Structure formats: structure tokens, C-alpha cells
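Everything below concerns the one structure shown next.
Bear in mind that the values in this text are calculations on the coordinates, not laboratory data. Only a predicted model underlies this, so the values are computations on that prediction, with no experimental measurement involved. Glycine gets a Cβ as well: all are built from the backbone with ideal geometry, and neighbour counts include every protein chain shown.
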Amino acid sequence: MSARVLILFAHPALVKSRVNRRLADAVRRLPGVTFHDLYDRYPDFSIDVKAEQALLAAHEVIVLQHPFYWYSVPALVKEWQDLVLEHGFAYGEGGTALRGKPAVSVLSTGGPAESYRPGLADRFTVRQLLAPFEQTARLCGMPFLAPCIFYSSDTKTDDGLTDCAVRYQRLVEALRDGALDIAAARNGENLADNFNALIAGGAVA
């Protein structure tokens, strides 16, 4: 059974992007997927709350794609959260619109995976730094999957970028087609490390 996937894409400087442009191109025209560019839609940050809530209600899987800015999200994402995830819609009494819908963060970092460790430069894992977003999902009744992280975006070769795009497309297709083991995908640090085990139908090249 297929699910409708909503990709909330947020990149304030897309013209300078290497990884996120390639990732976006890999999924923006997939059948059953709505690619929603927040910075393109709201350059003045004037968010249409009802329209955004309607989009969320019309999809079964929510993907948030963005670069990892200062251990968090680009500013428009926080504005979107503050306004769109209202009491009575996303949580609280009567707030069941998102309940049961898997949520996953897909993000890129400039630094390598090795630096996101206790005692090293970034001190915490990316998943630990995403704790506020995991708790937001939990409050809304959404299964929060391990993030899909593409590290070292500044130094990837063209072949490396192609591999990232292939993996991302495979993830979105698996979410759409019900081929991802949701229970298992809630564990671990990085979905991109475990595609073979989590997605039915064979390995990712």
C-alpha cells in the first residue's frame, strides 16, 4: 500500500548548495511525492498556516530536508514549526492530525561523521542534537525515525554526490511504497548507514 510523502525542503542559499541540490533533484518529481520548497514559497517568512496544515493532513509521511545549520535547522523551519504545529491541530485536545505519520529528518553536514562524537569537535551525535525535533514529533504522536545524514558535504566527489542522491531517492521510494521497516528505522544514528537492512528489495549500490 503506497503512502503520500510530503518533503518539506528548506535551504536559504540553494544556489551555493552542492549536496542538497542533488538530493532535491533526485526526489522532486517522484510519483506520490510532494516536494514543497519552503524558502521558495515563503521568501518573506509570511507562512500560510492553514495551507501548510492542509498539506500535512493530506500526506501520510513527512520528510524534513535541510542543511544542518549551527546544529539545528534554517530559520524558516523554526518559524514554520512555531506557527503551523498549533494546539488543537498537531497536539493537545483534538490535535490528532499528525498522529501515526512517520517523520524523518534528512540533512547534510559540512563536517565528517567522526567529529560528531563525545570528546571531539562537535561533542554530540547529530541525533542527540536533534532531540528537540524528536520530542516535537513525539508530542504530535509521530514515529520519529533515525535521521538520514549525509556528512562531509563540502568535500564529496561527484561520484559521492551521486551516491547520496541514489540513497535518498531509494529512501523516499521506500517510505512511499511501505518498504521501510519503520520500527527498526526508529533506532540507530543514521538511516543512510543501514539501507540494506531496513529497505526490502535489495542493497543500495
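Summary table
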{"item": "Exposure proxy order (Cβ contacts within 10 Å, fewest to most) of LEU161, LEU107", "result": "LEU161, LEU107"}
{"item": "Helix-only CD estimate at 222 nm, as mean residue ellipticity for the chain, using -39500 (n - 2.57) per DSSP H run (n ≥ 4)", "result": "-9500 deg cm²/dmol"}
{"item": "Student exercise, region 3-132 dipole from Lys, Arg, Asp, Glu Cβ charges, in Debye to nearest 20", "result": "520 debye"}
{"item": "Value of Rg to Rh for region 43-110 (Rh from inverse mean 1/r over Cα pairs, i.e. Kirkwood)", "result": "0.98"}
{"item": "Relative contact order (%) - the chain, alpha-carbon pairs under 8 angstrom, separation at least six", "result": "24 percent"}
{"item": "When the chain is reduced to its Cα atoms, the Kirkwood hydrodynamic radius in Å", "result": "17.3 Å"}
{"item": "Positive-end residue, region 18-110 charge dipole about Cα centroid, Cβ charges, pick of HIS87, LEU56, LEU30", "result": "LEU30"}
{"item": "Charge context of GLU60, other residues only, Cβ under 11 angstrom, K/R +1, D/E -1", "result": "+3"}
{"item": "Sorted by Cβ neighbour density within 10 Å, fewest at the top, the residues SER152, SER105", "result": "SER152, SER105"}
{"item": "Proximal lysines relative to LYS101, as straight alpha-carbon distance under 19 Å, when same-chain residues fewer than 8 apart are discounted", "result": "LYS50"}
